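J.: Let me begin by handing over the structure; questions about it come next.
Readers should treat all values here as calculations from the given coordinates under stated rules, not as data from a laboratory. Computed from a prediction, not measured in an experiment: that's the story for all the values here. When we count neighbours, we look across all protein chains shown, and the Cβ atoms used for this are built from the backbone with ideal geometry, even at glycine.
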Amino acid sequence: MRWLVPVLACAACGDNIAETALDAPPAKDAPAPACTAIFGGNLVDSASGSANCPSLDGAGIVFSLAEPQLAVPVAIAIDVGPSPAAGDYSSETVPDWSVYSYELDMNGGGGTCLYSAGGSATPTGSFTMTLTAADATAVHGTLSIIAWVLVFPGTSCGTVDNETIALSF
């Protein structure tokens, strides 16, 4: 009976995972990876899902990010042309870009907190973007944005004057 315990213990040591499942490529109809946005600054939150993925609009790349703390989605537009190529982009190399959203002051000030950045905004803010893949229907990569918080008098929007948004798509 003593020999049965080691035999049973060795039988339980296997990982029970077929190597072919680990090594197999993803199925062609597998769902696309979720697009994730991480917000930092006064808004500390994250949102993930296909609604946060970019689209091409004929002039460049556009996002509409759902951030539960804001009154409207964060609208992002980066004019990299109708057929962007994989590579690095930034606010220093792309003059036409914008970020916009707002929230109502829920801390008693009664005003509005405006989140803004862009080539024609004041202050401009900044972005860096790396496109790892791009074709006529989709783009994939990362985007990092610094947008300014514009505060109306008597409004409490938090303790920092800019927001960061880090995206993977």
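J.: Please compute the modelled spin-label separation between ALA85 and THR36, points set 7 Å along Cα→Cβ, answer in nm with one decimal.
T.: The answer from the label model is 3.0 nm.
J.: Quick check: residue separation of PHE152 and SER46 times 0.36 nm, minus the Cα distance between them. What number comes out in nm?
T.: 35.6 nm
J.: Among TYR100, TYR115, TYR89, rank each residue by its count of other Cβ atoms within 10 Å, from fewest to most, as a rough exposure measure.
T.: In increasing order of surrounding Cβ atoms, one gets TYR100, TYR89, TYR115.
J.: Another question, then. Report the label-to-label distance for TYR102 and SER64 in nanometres (one decimal), using points 7 Å from each Cα along the Cα→Cβ vector.
T.: Result for the modelled spin labels: 1.9 nm.
J.: Can you work out the FRET efficiency for the pair VAL72 and THR142, with r the C-beta to C-beta distance and R0 = 25 Å, to the nearest 0.05?
T.: It comes to 0.55.
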